[in-house]
Each structure stands twice: as C-alpha cells, then as structure tokens.
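One structure is given below, encoded as structure tokens.
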Amino acid sequence: MNRMTDITYYVALPFIATDDGFAAGEPTECLNLLGVVAKAEALSRKQGNVGAVAFSRTGDPATGDFGDAKGIKRMI
C-alpha cells in the first residue's frame, strides 16, 4: 500500500455491556495518533462502556481499498 492517495484514519471504538457480554459501540474518527489514544481512554471510562480500542486503517478512499486495521491501544 502507501500510494500517494493513501490516507490513514484513526478510530476510537468503545464497547458496551450487553446481556450476552459486550458489543461495539459508536466509532469516533480522530485526527491523529495522540487524539485517538486520548479519545479511546476517555471512552473506556465513560459510564455504560466496558472498554475501548484505538486503531488505524490506511488506504485509498477513492477506491475503497484499505489495509487491515492496526491496533494502537486497548483499554478493556
């Protein structure tokens, strides 16, 4: 990957408690590495959430071709 048009998206994803365990909540896109870690840490402490992860994906939004998500940090 790493073509000229590639963009890296940073995402914080909370997890919420369910009757069956837990499920992914609403993802939040962040501007950079530091921002996504801070957001995921805040989401992990939010009432009703049981944890959160920070990850990134790099790819070309014009074609929809993205690499695998890369885990940055988990707070579970």
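Counting only strands (runs of 3 or more DSSP E) that fall entirely inside the chain and contain at least 1 residues that are open to solvent by less than 60 Å² (accessible area, probe 1.4 Å) and in contact with a Cys (Cβ under 6 Å, 6 or more places away or on another chain), the qualifying elements are 7-18. Does Lys73 fit the bill of being touching a Ser or Thr at 6+ places or on another chain (Cβ under 8 Å) and either among the polar types (S, T, N, Q) or at pLDDT 95 or above (or both)? No.
The values are calculated or read from the model by the stated rules, or taken from the named source; none is laboratory data. Because the structure is predicted, anything quoted here is derived from the model rather than measured. When we count neighbours, we look across all protein chains shown, and the Cβ atoms used for this are built from the backbone with ideal geometry, even at glycine. Accessible surface is based on the protein model in full, side chains and every heavy atom, while ligands, DNA and RNA are left aside. Shrake-Rupley method; radii C 1.70, N 1.55, O 1.52, S 1.80 Å.
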